[in-house]
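I have placed the structure first, in the form of structure tokens, so that the comments after it can refer back to it.
The values are calculated or read from the model by the stated rules, or taken from the named source; none is laboratory data. These numbers were taken from a predicted model, which means no experiment stands behind them. Using ideal geometry, Cβ is built from the backbone for each residue, glycine included, and neighbour counts are taken over all protein chains shown.
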């Protein structure tokens, strides 16, 4: 909400700002999450290449994206509100990376999708769900502590849990149908989640930008 020039400073409600005391806790949380994502992303990528899974490969790329996002958030926590808003909008674009990766992989496999090996797929996705669940839990209490930045990290971890559970279901469908199509259909889910998360972070960054302008006025 914007305010007119004739409104006095006393009449303007204080713009919501991150609690400075929460920054150390947020930084520890996002750095822990970054390390978990980087480590498991390497493992997921190796398994995905070995078994030929489109959805798991896209998920491993998402682990790398999450690691990068959380490192950037740790660096930016000491920045002023306006710069955080700018980075928040950049991160909204970064959230689209795994969706684009899934779309490209699906496009390449579309003519003749091959079913991935089911057991290693389900085992790796199950481990990924546990890792991402732990990350979401670590970030949940801080998801508003640094505005759009911590919101970006939390939404990404939350979405990853949903994707991992979907991969497990897809693995069961693959075992039943012996088809590669469930692996491709899951790419649509990854794209939808990425677009939705990016939009939410973009909106949160816009609110921060507006708050920064009101403080500067």
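Among the numbered criteria (1) closer than 30 Å to residue 214 by Cβ; (2) buried (at least 18 other Cβ atoms within 10 Å of the Cβ); (3) over 17 Å from the mean Cα position of the chain (by Cα), which single criterion is violated by residue 48?
(1)
If you scan region 108-125, which residues turn out to be more than 19 Å from residue 155 (Cα to Cα) and assigned to a helix (DSSP H, G or I)?
Within region 108-125, 108, 109, 118, 119, 120, 121, 122, 123, 124 qualify.
When only residues in region 71-99 that are in a loop (DSSP other than H, G, I, E, B) and touching a residue at least 40 places away in the same chain (Cβ under 8 Å) count, which is nearest to the chain's Cα centre (by Cα)?
Within region 71-99, the match that is nearest to the chain's Cα centre (by Cα) is 95.
Taking the conditions exactly as written (touching a residue at least 40 places away in the same chain (Cβ under 8 Å) and either outside any helix (DSSP H, G or I) or closer than 19 Å to residue 76 by Cα (or both)), does residue 184 satisfy them or not?
no
Kindly list the number of the only condition in (1) modelled with pLDDT under 80; (2) exposed (fewer than 15 other Cβ atoms within 10 Å of the Cβ); (3) within 19 Å of the chain's Cα centre (by Cα) that fails for residue 153.
(2)
So is residue 166 out of contact with any strand residue (DSSP E or B) (no Cβ under 9 Å at 6 or more places or on another chain) and under 15 Å from residue 60 (Cα atoms) or not?
Here the answer is yes, as residue 166 does meet what is asked.
Go through 23, 14, 45, 38 for me and flag whichever is out of contact with any strand residue (DSSP E or B) (no Cβ under 7 Å at 6 or more places or on another chain), part of a helix (DSSP H, G or I) and either modelled with pLDDT under 85 or within 25 Å of residue 206 (Cα to Cα) (or both).
None of the others qualify; the one that does is 23.
Tell me whether region 179-190 contains one or more residues that are under 15 Å from the mean Cα position of the chain (by Cα) and either surrounded by 22 or more Cβ atoms within 10 Å (Cβ to Cβ) or at pLDDT below 90 (or both).
Yes, there is a match, as at least one residue in region 179-190 is under 15 Å from the mean Cα position of the chain (by Cα) and either surrounded by 22 or more Cβ atoms within 10 Å (Cβ to Cβ) or at pLDDT below 90 (or both).
From the residues in region 137-150 that are in a helix (DSSP H, G or I) and at pLDDT below 75, which one is farthest from residue 93 (Cα to Cα)?
Here the answer is 150.
Specify which of the listed residues (68, 102, 128) is in a helix (DSSP H, G or I), surrounded by fewer than 23 Cβ atoms within 10 Å (Cβ to Cβ), within 17 Å of the chain's Cα centre (by Cα) and at negative phi.
68
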